[in-house]
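Participant: Here it is: the structure, laid out below.
The values are calculated or read from the model by the stated rules, or taken from the named source; none is laboratory data. The structure presented is a predicted model; accordingly, all values stated were derived computationally and were not measured. Here the Cβ positions follow ideal geometry from the backbone for every residue, glycine too, while neighbour counts run over all protein chains shown. Surface accessibility is based on the protein's heavy atoms, side chains included, excluding ligands, DNA and RNA. Shrake-Rupley method; radii C 1.70, N 1.55, O 1.52, S 1.80 Å.
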Amino acid sequence: MLSRHADSAYWIGRYIERAEATARMIDVHYHFGLESPLVGEALRWSSILAISGLDEEFEKLHDRQDERSILHFFAFETENPGSILSCLRAARENARSIRDQISSEMWECVNRYYLDFQAWDIDRVLATGPFAFFQRVKDGSHLFQGITNRTLMMGETRDFHDTGRFLERADQTARILDVKYHDLLPRYAGSADDRPTHAADDPAAVGGPVDVHGWVAVLKSVGAFEAFSKTFNQGVSPARVSHFLLLNPQFPASVRHSIGRIDGCLRRISGNRDLAPKNDAERAVGRLYNDLNYMRADDIIASGLHEFLEDVQDRCSDIGQAIFETYLRY
C-alpha cells in the first residue's frame, strides 16, 4: 500500500474520531455547567480549552471566554485545526484522495456528513440549542463507523484507519480524565482548618453533589456512563472512574482497549506473528500495552494519577510519530 494512501486512511480515522470527541466534550461539559451552578463559567470554559490543548490559539482569536465564542471556536472556526468543521473537511478530503481504496458507501457518508454540517452556523446552534447540534455530529460519526465496519474489507486500509481511530480515542480519553481530575480536586487554598471535610459541609467537596456529578460528566464525555454503571454498582468515585477508563479491557473507549486494538492493527500490517516487535511503531505500542495490562488502579493512584495520564498522552504522541516515520512518511 502506498504511504500516501495509508496516511489518508489513518487520518480519516483520526479526524472522524476527533470530531465526535469534540462534540461529546463540549456537549457534556456545557450541560454540566448549566446543571451545576456552583461550577463557575470561567472554570467550565477553561477546562474545555485545557482538554483540547488549544488555550493559546483561542486567545489569539477571541478576547473573552463566553458561550458564543467557545461554541464557535470548537464547532466552526476554520483557523482552529481541531474544530468540528476543520476535522470533517480534512476527513472528506482524505476520503476523496483514496476513493478507490474505500467503499462508495463510506465516501457518500463522509461527503453527506460534511455537506449537512454546512447548513449550521453559530446563530442556528444557539437558537435551536447546542444539544441537537452535537447529537447530529455524534450520529454522523456513528453512522460512518457503522458503514466502515460493514463495507470496508479487512486489510491494510482498514488497519490504518482503525489505528488512527483508536490512537485518537486513547489520547482523548486520557486528556479528558486528566483535566477533569484537576478541576474536581477540592478547590481550597486556605489552611486545613478552613477546609470542609465532608460533602455535607460543602457540595463541591470530594463525594459532594458537584464532585459526583463532575465524574458522571467525565464518563458521559466518552460515552461510558451506562457501561460503568453496569460494571460498578458501588457508585461513582475517582478511583473507579480512573480504573474503568484506563484499564478496562472490554470497554471500547478505555485506553487499554484502544492501545490493544492499535497493537493488533500494526502487527497485521507488518505480518508480525512473533512476540518481539518488528519496528519502532510496534515497540512503542507494545510497551504501553504491556504496562497497561500489568498495571493496577491502586498503583496508578499511589504514584500520581496526573503524572500517569501525562505519560500516557506523551506516549500516544510518540506512537503517532513512530507510525509516521515507519509507514506514512513520503
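Participant: Might you let me know whether the range 79-88 holds any residue that is outside any loop (DSSP other than H, G, I, E, B), more than 18 Å from the chain's Cα centre (by Cα) and at pLDDT 95 or above?
Facilitator: No, the conditions are met nowhere in the range 79-88.
Participant: Of everything in the range 44-59 that's of a type in the set (A, V, I, L, M) and open to solvent by 10 Å² or more (accessible area, probe 1.4 Å), which residue is nearest to Glu77 (Cα to Cα)?
Facilitator: Within the range 44-59, the first condition is being of a type in the set (A, V, I, L, M), and the residues that meet it are 48-51, 54.
Cutting the leftovers down to open to solvent by 10 Å² or more (accessible area, probe 1.4 Å) gives us 50, 54.
Numbers: Ala50: 17, Leu54: 12 Å.
Across the range 44-59, the extreme among qualifying residues is Leu54.
Participant: Quick check on my filter: what residues within the range 71-90 are surrounded by 22 or more Cβ atoms within 10 Å (Cβ to Cβ), of a type in the set (A, V, I, L, M) and under 10 Å from Ile122 (Cβ atoms)?
Facilitator: Ala75
Participant: Among the residues of the range 93-136, count how many are under 30 Å from Leu2 (Cα atoms), polar (S, T, N, Q) and in a helix (DSSP H, G or I).
Facilitator: 4
Participant: Let me ask something additional. Run down Asp314, Asp274 and say which single residue is among the charged types (D, E, K, R), without any contact (Cβ under 8 Å) to a residue 12 or more places away in the chain, outside any helix (DSSP H, G or I) and more than 20 Å from Phe160 (Cβ to Cβ).
Facilitator: Numbers: Asp314 fails: outside any helix (DSSP H, G or I).
None of the others qualify; the one that does is Asp274.
Participant: So which of Leu61, Leu38 ends up being more than 21 Å from Phe133 (Cα to Cα), at pLDDT below 85 and either touching a helix residue (DSSP H, G or I) at 6+ places or on another chain (Cβ under 9 Å) or basic (Lys, Arg) (or both)?
Facilitator: Unique residue meeting the criteria: Leu38.
Participant: Working carefully through the options Ile300, Ile319, Ile259, Ile269, find the one that is over 22 Å from the mean Cα position of the chain (by Cα), β-branched (Val, Ile, Thr) and surrounded by 16 or more Cβ atoms within 10 Å (Cβ to Cβ). Break it down stepwise before answering.
Facilitator: Details: Ile300 fails: over 22 Å from the mean Cα position of the chain (by Cα); Ile319 fails: over 22 Å from the mean Cα position of the chain (by Cα); Ile259 fails: over 22 Å from the mean Cα position of the chain (by Cα).
When all the criteria are applied, what remains is Ile269.
Participant: Which ones in the range 287-297 are assigned to a helix (DSSP H, G or I) and either open to solvent by 50 Å² or more (accessible area, probe 1.4 Å) or not aliphatic (A, V, I, L, M) (or both)?
Facilitator: Arg287, Tyr289, Asn290, Asp291, Asn293, Tyr294
The rows are residues; the columns are (1) more than 15 Å from Arg169 (Cβ to Cβ); (2) among the hydrophobic types (A, V, I, L, M, F, W, C).
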{"site": "Pro252", "(1), (2)": "no, no"}
{"site": "Ala276", "(1), (2)": "yes, yes"}
{"site": "Ala297", "(1), (2)": "yes, yes"}
{"site": "Asp311", "(1), (2)": "yes, no"}
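Participant: Does the range 287-330 hold any residues that are within 16 Å of Val255 (Cβ to Cβ) and of a type in the set (Phe, Trp, Tyr), and which are they?
Facilitator: Tyr289, Tyr294, Phe308
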